[in-house]
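Throughout, read-outs are computed from the coordinates displayed, never taken from laboratory work. Predicted model only: the values in this text are computed from it and were never measured. Virtual Cβ from ideal backbone geometry, glycine too; neighbours counted across all protein chains shown.
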Amino acid sequence: MMMRSAVLGGLERWLYRLVFLTLVAMPCARLAAQESAEIPASKVERRNKAPAAREMLRVKIPKPTEAKLKNGLTVLILEDHRSPSVTVQLHIGGAGALFEPAALAGLASTAAQMLREGTRSRTSIQIAEEVDRLGANLGAGSSFGSPDAVLSASGLSDNFDAWFGLAVEILLNPSFPVDELEKLKQRQRAQLRQQRAAANFLVNERFSRAVYGEHPAATVSATPESIDAITREALVGWHRERYRPQNAILGIAGDVRATNIIGKLQKWLAGWQKSDLKEIWPRAPVATAARKIFLVDRPGSVQTTVALGNIAIDRRSPDYLAMTVMNHMIGGGAAGRLFLNLREEKGYTYGVYSHFTALRYPGPWQAGGNMRTEVTAGALVEFFNEIRRIREEKVPAAELAASKRAIAARFALSLEQPAAILGLAIARKQYDLAADYWDSYPAKIMAVSADEVRRVARKYLDPDAMQLVAVGDAGKIKGVLAQYGAVEVYDAAGHPVRIEAQPN
């Protein structure tokens, strides 16, 4: 009887896992289908129809239970009992790459990745085996330019205590073993070599340096020298100083009870002590006042990769909603003007897009893409044509309405995922947004006017101050770029070089 009960219990747990994975995959597949539907193989056809039902535009987002633990940690708990799963996100402010020493670029990312590589009581292999046995996911990272280190975990609710306890162990008691550090550094060195061969990395690196200048966000990668300089002692010191609860937000979403879990968190995280560490932010970057042209030479390249833009807004800017609509219209998707012009009409590229970065410091609006070398001149003309058009001409009512509905509908669709709702709650807390910010988000998007779109385009998309970066065969495209200003040329390693343009 006991054996039969154990078998049934194992079967029930297996079924729970199957259902959990299915529920996670369904909204992701639906979003993927939406993305692929936006980029057809042939022409994009405008029908002036709303892309979603009006019901999708009316949202009421669940509010998390908020608590602050004795150690200063802010906790957001979002109950969702539709499936037996739980998602956890821990954002540790002040532990991100934005605050690392310039000579130790990659320290924050390495520290985060090393959390899983050993604790005082478990080796990396034991941690991996335990994560697998529990059917959980566990990881950590810190991207360049980010003020936070982020630890994420997910799994089933019936063994939440076990896998969350493991997450707490790697958070509080990492051992940073030297042998695992050396293995990671070897992988990092290989990645550095690989990324230097990727045009998208090269354009991102040069563009970030162009727009951010001396701001720490200008750094997008470690260097061989900084990797060599990262030691176990540096990791231990970074963790001891920066991984502190008073600057952190813990978000938990899924099949949990807030009334039960807060007490457990007080106990589980009692050993995580707060300190006097405060986030000291670098001076905010500002938009450059004059256009500059940068070229990264890739001899023999058959395509040119382009990025152009300038610093725009931070996340708390009152222009955020208007920028969202304006960006969507010019390059936010396959129905954007850049895509329709450069791909559908001209056939220069498989796709060009735009986006903007808005964090707790101002980030850039950026447009770009890949095109054949021989059409670089024509593509640049059309980039600037579309920038000038959205600045100078009032957008048509039908096009504006279609863009706003697409934004609102995609937002509503994303709310099928508990992890996405949790992310919204964390963002609202990080940026001190109004309590009803996300509930009113679709309505506020729909209220953006054509005048507001043109106003923010004029304010942030100045073609005479754009930073223009191109990666390609300098001998073939330097003359094209020179039509827009003096060209600074670099090799793939980032060193300035002298290149003579080939005669046209």
inquiry  = Under 17 Å between alpha carbons, and skipping anything fewer than 8 positions from Lys394 in its own chain: which aspartates and glutamates qualify?
reply    = Glu386, Asp451, Glu452, Asp462
query = On alpha-carbon atoms, Rg over Rh for the range 292-490 using Kirkwood Rh?
reply = 1.01
query = Considering only DSSP beta bridges whose two residues both sit in the chain, what percent are antiparallel, to the nearest 5?
reply = 75 percent
The range 323-411: C-alpha gyration tensor shape, a/c 1.5 cut-off, then a/b vs b/c = prolate
request  = Enter the Cα centre distance for the pair the range 110-153 and the range 452-470, rounded to the nearest angstrom.
outcome  = 41 Å
query = What is the set of long-range amide H partners of Ala248 at a cut-off below 5 Å, with H atoms built 1.01 Å from backbone N?
reply = Thr74, Gly93
key: Greater than 23 Å apart at Cα, pairs in Lys185/Lys278; Lys70/Lys278; Lys60/Lys267   = Lys185/Lys278; Lys60/Lys267
inquiry  = Under 5 Å between amide hydrogens, which residues at least 5 positions from Ser85 or on another chain qualify, with H placed 1.01 Å from N in the peptide plane?
reply    = Ser157, Asp255
task = Please return the longest stretch of the chain lacking exposed loop sites, where GluC sites (Glu not before Pro) count only if DSSP places them in a loop and at most 12 other Cβ atoms lie within 10 Å.
result = 215-392
inquiry  = I want the antiparallel fraction of DSSP beta bridges within the range 292-490, as a percent rounded to 5.
reply    = 65 percent
ask   = Rounded, prolate or oblate: which one fits the range 65-268, using the alpha carbon gyration tensor with axes a ≥ b ≥ c (rounded when a/c is under 1.5, else prolate when a/b beats b/c, else oblate)?
value = prolate
request  = Pairs to check: Lys404/Lys444; Lys63/Lys429; Lys264/Lys429. Give those whose C-alpha atoms are more than 19 Å from each other in this structure.
outcome  = Lys264/Lys429
key: Neighbourhood net charge (15 Å Cβ-Cβ; Lys/Arg +1, Asp/Glu -1) for Ala289   = +1
task = Compute the separation of the alpha-carbon centres of the range 304-333 and the range 188-267 and state it in Å as a whole number.
result = 24 Å
key: Charge tally in the Cβ shell below 15 Å around Asn204, where Lys, Arg are +1 and Asp, Glu are -1, Asn204 excluded   = +3
request  = Please list the non-local residues whose amide H lies under 5 Å from the amide H of Glu416, H modeled 1.01 Å from N, same-chain partners needing a gap of 5 or more.
outcome  = none
message = Restricting to Cα pairs below 8 Å that are 6+ residues apart, what does the relative contact order work out to for the chain? Please round to a whole percent.
response = 21 percent
